[in-house]
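Written out below as structure tokens is the structure these notes cover.
Coordinate-derived values only; no laboratory data. Predicted, not measured: the structure shown is a model, and the values here were computed from it. For neighbour counting, all protein chains shown are included, and Cβ atoms are generated from backbone atoms with ideal geometry for every residue, glycine included.
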Amino acid sequence: MDGREVIVKIRDLDKTYYSKYGKTHALKDINLDIYKGEIFGIIGLSGAGKSTLVRCINFLELPTKGEVIFDGLSLSSLTEKELRKARTSMGMIFQQFNLLAQRNALDNVCFPLEIAGVSRAKARERALELLELVGIADKAKSYPSQLSGGQQQRVAIARALATNPKILLCDEATSALDPNTTSSILELLRDINQKLGITIIIITHQMSVIERLCQRVAIIDKSYIAELGKVTDVFTNPQSEIAKELILSHGIKDISFTNERGRKLRIVFDGRSTYEPIISNIVLEAKAPVNILYADTRNIDGKAVGEMVIQLPEDELLSSNIIAYLKQININFMEVEENV
């Protein structure tokens, strides 16, 4: 705990589903503190339990065991009426937008306000403000079928903000969008976080979303939290096997280098400055050409994270010089044979 205010506190949370085929443990022993005003990421492979976790946070799924404390309130101690009131402070957006097809954009945003008993005039005024905030005020009268995927998600975000929530839960909110639209939605979420101070919890399987948006991340594997920390720390020095797979190997494991002759090295970048020209220095210091067969590196707060596969020269002396230089500058590497 670093002194910041905790808005969501999860303690010893389990979720078990029962059926005629037996029981399934979706979540086991989850403990998390999510700070007020931060953008927090939860990532894992399909079936890891991340979507179940976000639905437990707002009690759309009731935990089998454990406690969720939201803004000082233990959700399990609330009456149904009190829980509905608490949920108005938790906005939620989904992968498939979930807009009402028979309502235009303005009326979709008005919908939660109508349920809350806000007058139609005030609801429309608020909805127009929010459509302006998300950049589609000109689409107020358009129906979902007339909007692109990105525009529909902007309407969904505006709707989620209608009741002035304290947190925004995003369950795979960009998974159905193309890369350019995903980028614009992530920038919108960052802007909302900065302007309104809303805590944002991102559930995703996309590494790029975590890298671009989140300050801290929890990695879920087989229903447990495998790793938790600042994005820069987790990405530059992953400790768990699942973190290493997601961060360092997600792009390379299916690539074959069998057609490339000679020895090959896999170099792992784990946090060096992105301004350090490592490959250029290898060529200069080892006096040997380097053929890059594969590269997947990312800049996270000025640090290089990722991996690269290089082909060594056929000359054994030159290859030895390269390996000696990598050892000298403490670069993590390993020799690969057929496939990585």
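Worth a mention:
- A cut-off of 5 Å between modelled amide H atoms, ignoring neighbours fewer than 5 places along the same chain, links Lys65 with Asp14.
- Structure-derived Cα Rg over 2.2 N^0.38 Å: which label, when the choices are (1) 1.09; (2) 1.18; (3) 0.99: (2)
- Cut-off under 5 Å, modelled amide H: who pairs with Ala140 long-range: none
- FRET efficiency for the Leu62 to Gln206 pair, using the beta carbon distance and R₀ = 25 Å, is estimated at 0.30.
- Per-residue ³J(HN,Hα) for the range 50-60, Karplus 6.51 cos²θ - 1.76 cosθ + 1.60, θ = phi - 60°, Hz, x for Gly and Pro: 5, 5, 4, 4, 5, 6, 6, 4, 9, 6, 5
- Whole-Hz couplings from phi, Karplus 6.51/-1.76/1.60, listed for the range 180-194; x for Gly and Pro: 5, 5, 4, 4, 5, 5, 5, 5, 4, 4, 4, 5, 5, 4, 6
- Taking amide H positions as modeled 1.01 Å from N, with prolines and chain starts lacking one, the residues under 5 Å from Phe333 and 5 or more places away or on another chain are Val268.
- Gain in span if fully extended, Thr16 to Glu80, counting 0.36 nm per residue against the direct Cα distance: 20.9 nm
- Total formal charge among the other residues, if their Cβ is under 13 angstrom from that of Tyr325, Lys/Arg +1 and Asp/Glu -1: +1
- Under Karplus coefficients 6.51, -1.76 and 1.60, residue-wise ³J(HN,Hα) of the range 208-225 in Hz, glycine/proline x: 4, 5, 4, 4, 7, 10, 9, 8, 10, 9, 10, 9, 9, 9, 6, 6, 10, 7
- Stretchable slack from Glu132 to Ala176, in nm (0.36 nm times residue separation minus alpha-carbon distance): 13.5 nm
- Using a Förster distance of 30 Å, the FRET efficiency for Ala121-Leu73 (Cβ separation, nearest 0.05): 0.40
- Residue pairs, from the table Lys20/Lys50; Lys85/Lys166; Lys50/Lys222; Lys15/Lys50; Lys65/Lys85; Lys28/Lys65, whose Cα atoms sit over 21 Å apart: Lys20/Lys50; Lys65/Lys85
- Relative packing of peptides 34-47, 198-211 - highest average C-beta neighbours within 10 Å first: 198-211, 34-47
- Computed from the C-beta positions of Ile331 and Gln215 and an R0 of 30 Å, the FRET efficiency is 0.60 to the nearest 0.05.
- Applying both filters, DSSP loop and at most 12 other Cβ atoms within 10 Å, to the trypsin sites (Lys or Arg not before Pro) of the range 164-255 gives Lys253.
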